[in-house]
1. Consider residue 89 against the criteria (1) within 19 Å of residue 31 (Cβ to Cβ); (2) at pLDDT below 95: it satisfies all of them except one. Which criterion is unmet?
2. Can you confirm whether region 85-94 contains a residue that is open to solvent by 10 Å² or more (accessible area, probe 1.4 Å), within 30 Å of residue 159 (Cβ to Cβ) and out of contact with any Pro (no Cβ under 8 Å at 6 or more places or on another chain)?
3. Among the listed residues 57, 77, which satisfies the condition of being farther than 20 Å from residue 153 by Cα and either open to solvent by less than 10 Å² (accessible area, probe 1.4 Å) or aliphatic (A, V, I, L, M) (or both)?
4. What residue, among those in region 1-46 that are among the hydrophobic types (A, V, I, L, M, F, W, C) and surrounded by fewer than 13 Cβ atoms within 10 Å (Cβ to Cβ), is farthest from residue 80 (Cα to Cα)?
5. Could you check residue 29 against (1) more than 19 Å from residue 146 (Cβ to Cβ); (2) in contact (Cβ under 8 Å) with a residue 60 or more places away in the chain; (3) not hydrophobic (A, V, I, L, M, F, W, C) and say which number it fails?
Amino acid sequence: MSEPDKGPEIPIASPVTGTVIDLADVPDPVFSSKAVGDGLGVEPDDGAIVSPVDATVTMVAGTGHAIGFKNESGLEVLLHLGVDTVELEGAPFDLNVRVGDTVKAGQSLGTMDLEAVRAAGKATTAIVVLTNTMTHLADLTVTTGKTEAGTAIATATLKGEDDDASAAGAGA
């Protein structure tokens, strides 16, 4: 039995300056259980938000708390700013990207007012999840610890061509 071919490796940059934590340690059970997909969290030191990937913006929540991206490889990435921050109705967020924009990893997306989020009793954790983990992700390697915004903190290894073919064949 040969190893399945691995697909491309996509670097994932930290969306904020702070401390990278394992997804299991993110203070939100929907994310920490990987229900949305595999990923990581970053506890921010400041409110500057940058893109975690080279991609096209596919979604910007009306409340500013989440941004969706799709990389040219097909990998879908969700950046979720804080925990339960949708309830803040956009107040702490000032984003400067729109659906359809092409962004580079490390490019500014706007800001999150950390004090306002904390004052509302919410966690400020920036969460990066790969929402199509099941269909596209072979492996995710995350480097935890202190980091700067825009620095590569993870590598997503995509499934190779063989993986899709064997999955399709198994259902026949």
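The values are calculated or read from the model by the stated rules, or taken from the named source; none is laboratory data. Nothing here was measured: the structure is a model prediction, and the numbers come from that model. FYI the Cβ positions are ideal-geometry reconstructions off the backbone, even for glycines, and counts take in every protein chain you see. Heads up: the accessible areas ignore ligands, DNA and RNA and are worked out on the full protein's heavy atoms, side chains in. Shrake-Rupley method; radii C 1.70, N 1.55, O 1.52, S 1.80 Å.
1. Here residue 89 clears every test but (1).
2. For region 85-94, residues open to solvent by 10 Å² or more (accessible area, probe 1.4 Å), within 30 Å of residue 159 (Cβ to Cβ) and out of contact with any Pro (no Cβ under 8 Å at 6 or more places or on another chain): absent.
3. Values: 77 fails: farther than 20 Å from residue 153 by Cα.
Of the residues listed, the single one that is farther than 20 Å from residue 153 by Cα and either open to solvent by less than 10 Å² (accessible area, probe 1.4 Å) or aliphatic (A, V, I, L, M) (or both) is 57.
4. First, pick out the residues of region 1-46 that are among the hydrophobic types (A, V, I, L, M, F, W, C): 1, 10, 12-13, 16, 20-21, 23-24, 26, 30-31, 35-36, 40, 42.
If we keep only those that are surrounded by fewer than 13 Cβ atoms within 10 Å (Cβ to Cβ) too, we end up with 1, 24, 35.
Values: 1: 39, 24: 15, 35: 14 Å.
Only one residue tops the list, namely 1.
5. So residue 29 meets the others, but not (2).
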